[in-house]
Structures are given as C-alpha cells and as structure tokens.
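Notes for the one structure printed next.
The values are calculated or read from the model by the stated rules, or taken from the named source; none is laboratory data. This is a predicted model, so every value here is computed, not measured. For neighbour counting, all protein chains shown are included, and Cβ atoms are generated from backbone atoms with ideal geometry for every residue, glycine included. Calculation scope for accessible area: heavy atoms of the full protein, side chains included, ligands and nucleic acids excluded. Shrake-Rupley method; radii C 1.70, N 1.55, O 1.52, S 1.80 Å.
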Amino acid sequence: QQQVKQSPQSLIVQKGGISIINCAYENTAFDYFPWYQQFPGKGPALLIAIRPDVSEKKEGRFTISFNKSAKQFSLHIMDSQPGDSATYFCAASNRAGYQKVTFGIGTKLQVIP
Amino acid sequence: ETGVTQSPTHLIKTRGQQVTLRCSSQSGHNTVSWYQQALGQGPQFIFQYYREEENGRGNFPPRFSGLQFPNYSSELNVNALELDDSALYLCASSRAGSNTGELFFGEGSRLTVL
C-alpha cells in the first residue's frame with residue numbers, strides 16, 4: 001500500500017527552468033512532510049520540510065506548497081541547475097510513538113545545460 | 001560532528017545465508033532506524049531502536065532483526081536470505097523527542113543475494 005504517491009518518476013528540465021514534483025498522501029495522521037535529496041552512491045539528505053498548518057515554505061530556490069484539504073504537496077525548484085540533478089523523495093511522518101517515515105517512490109531529476 | 005557510518009558498503013551473499021550490517025549513529029543521536037531501498041524505489045521502514053529496544057516495525061518478516069548497543073550503534077541481521085532481499089540498506093539516526101521526520105542517513109550497505 002503506497003501511502004505517499006509521487007509523480008513524475010523522472011523529469012528532465014533545462015538549466016534555469018522550474019522543476020515541479022507532486023505528491024499526495026492518504027493518511028490524515030501525518031503531521032510532517034519532509035523532502036529528501038539523494039545523489040548516486042549516497043544516502044538521502046533532508047532538503048526542506050513543512051507542517052500541515054503552513055501552506056508554503058521557501059528556502060532559497062526550493063519551495064514546498066501544501067494543500068491540506070486536497071492532501072497534496074509539491075516541491076518547486078526555481079532556476080534549476082545541473083548540480084540539482086539527483087533523486088528527490090517526498091515523505092511523511094507522524095508522532096505515533098516513533099518516527100517512521102513513509103517515502104514516495106522518488107523522482108529522478110536531470111537538469112541539462 | 002561525526003555523521004552516520006555504515007559497514008560494509010557492499011556485500012554479496014547466496015540465498016539462505018545470513019548477513020549482519022552495522023551502523024554507527026551520528027554524535028548526539030540516540031535513535032536508530034533501518035530502511036530498505038530496492039532499486040528504483042523509495043526507502044521502506046524496517047524498524048527503529050531506542051534505548052536498546054525495538055519500538056516500531058514496518059511490514060518486514062521476523063527474519064529481519066536488529067540490535068542497538070549502549071553507545072547507540074546498531075546492527076541489522078537478516079536470516080535465510082532471499083533474492084528479493086537484494087537492496088540498499090540504509091541506517092538513519094535521529095534524536096528522540098525530535099518532533100520532526102528529520103533523519104540523518106548513512107551511505108548504505110548494498111546487499112546482493114545470488
């Protein structure tokens with residue numbers, strides 16, 4: 001059962017363009033929504049995160065938009081750079097006794113010069 | 001600050017064998033979680049350890065077991081290996097009481113089962 005659905009699975013963007021990755025969740029008990037970035041041969045690393053009481057969070061070129069009623073959230077990467085080429089995972093967690101994090105399937109982003 | 005370290009980085013086993021993977025958590029972190037990442041998939045939660053006890057488990061059979069030691073390092077043991085166990089196994093550490101999903105991952109141990 002995929003509790004966090006992510007799309008697209010792959011994305012090619014021109015340098016300077018906007019990369020958009022979308023996610024949807026089912027479990028309304030989720031109360032924290034992080035995005036992780038993973039480079040080949042490395043473990044995932046936290047990129048940016050949001051709580052459901054906030055509709056948008058921006059950190060540099062990265063912005064999360066959150067729609068609680070639709071149970072959807074998205075990552076926007078502005079002015080995409082070749083160095084942003086990586087796999088991005090949306091995720092969700094709740095505090096039901098432990099920090100189990102449920103990940104989406106991942107989006108492989110390639111930014112071409 | 002020392003990050004999460006895992007060993008070995010790569011290993012090959014045959015079906016039916018047993019494997020032990022090791023993890024040293026980041027300094028100051030007392031909770032360790034293990035995730036399985038199959039090729040082309042997101043990480044899947046296996047279990048979490050806090051105060052040397054398992055306190056959360058995902059949909060994995062009992063042949064997946066673990067330990068946490070007093071220094072917060074951890075082991076993942078998998079018995080009776082199956083071909084589908086081939087994956088990247090990620091260890092993540094965090095601070096208990098942190099009200100977030102922030103995990104600090106190691107680079108993983110890539111297991112191939114033949």
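Residues to consider are A:V4, A:V13; find the one that is in contact (Cβ under 8 Å) with a residue 60 or more places away in the chain and facing another protein chain (nearest Cβ under 9 Å).
Criteria check complete, one pass: A:V4.
How many of the residues making up region B:52-85 are under 20 Å from A:S93 (Cβ atoms), in contact (Cβ under 8 Å) with a residue 24 or more places away in the chain and assigned to a loop (DSSP other than H, G, I, E, B)?
Adding up the residues that qualify gives 1.
Would you confirm whether or not region B:43-50 contains a residue that is in a loop (DSSP other than H, G, I, E, B) and either at positive phi or among the acidic types (D, E) (or both)?
No, that holds for no residue.
Can you go through B:L67, B:L76 and tell me which one is at pLDDT 95 or above and buried (at least 17 other Cβ atoms within 10 Å of the Cβ)?
Exactly one of B:L67, B:L76 is at pLDDT 95 or above and buried (at least 17 other Cβ atoms within 10 Å of the Cβ), namely B:L76.
Which of (1) under 12 Å from the mean Cα position of the chain (by Cα); (2) of a type outside the set (A, V, I, L, M); (3) open to solvent by 30 Å² or more (accessible area, probe 1.4 Å) is the odd one out, the single condition A:Y36 does not satisfy?
Single failed check for A:Y36: (3).
Could you run through region A:48-58 and say how many residues are within 14 Å of another protein chain (Cβ to nearest Cβ) and either open to solvent by less than 30 Å² (accessible area, probe 1.4 Å) or at pLDDT 95 or above (or both)?
Qualifying residue count for the region: 4.
Which strands (runs of 3 or more DSSP E) does region A:24-65 wholly contain that include 3 or more residues that are under 15 Å from B:L103 (Cβ atoms) and in contact (Cβ under 8 Å) with a residue 24 or more places away in the chain?
A:33-38
Could you figure out which of (1) surrounded by fewer than 19 Cβ atoms within 10 Å (Cβ to Cβ); (2) at negative phi; (3) at pLDDT 95 or above isn't true of B:N30?
So B:N30 meets the others, but not (3).
Would you pick out the residues in region B:4-42 that are over 12 Å from B:S94 (Cα atoms), touching a residue at least 60 places away in the same chain (Cβ under 8 Å) and part of a loop (DSSP other than H, G, I, E, B)?
Those that are over 12 Å from B:S94 (Cα atoms), touching a residue at least 60 places away in the same chain (Cβ under 8 Å) and part of a loop (DSSP other than H, G, I, E, B): B:P8, B:T9, B:T14, B:R15, B:G16, B:Q17, B:Q18.
B:P43: crowded, with 18+ Cβ neighbours inside 10 Å, modelled with pLDDT of 90 or more and out of contact with any helix residue (DSSP H, G or I) (no Cβ under 6 Å at 6 or more places or on another chain), yes or no?
yes
Consider B:E54 against the criteria (1) open to solvent by less than 60 Å² (accessible area, probe 1.4 Å); (2) within 14 Å of another protein chain (Cβ to nearest Cβ): it satisfies all of them except one. Which criterion is unmet?
The failed condition is (1).
Quick one: in region B:79-112, which of the residues that are under 16 Å from B:T9 (Cβ atoms) and open to solvent by 10 Å² or more (accessible area, probe 1.4 Å) is farthest from the other protein chains (Cβ to nearest Cβ)?
Result: B:S86.
Output the residue which, of all residues in region A:61-113 that are of a type in the set (G, A, S) and away from chain B (no Cβ under 14 Å), is nearest to B:G40 (Cα to Cα).
It comes out as A:S85.
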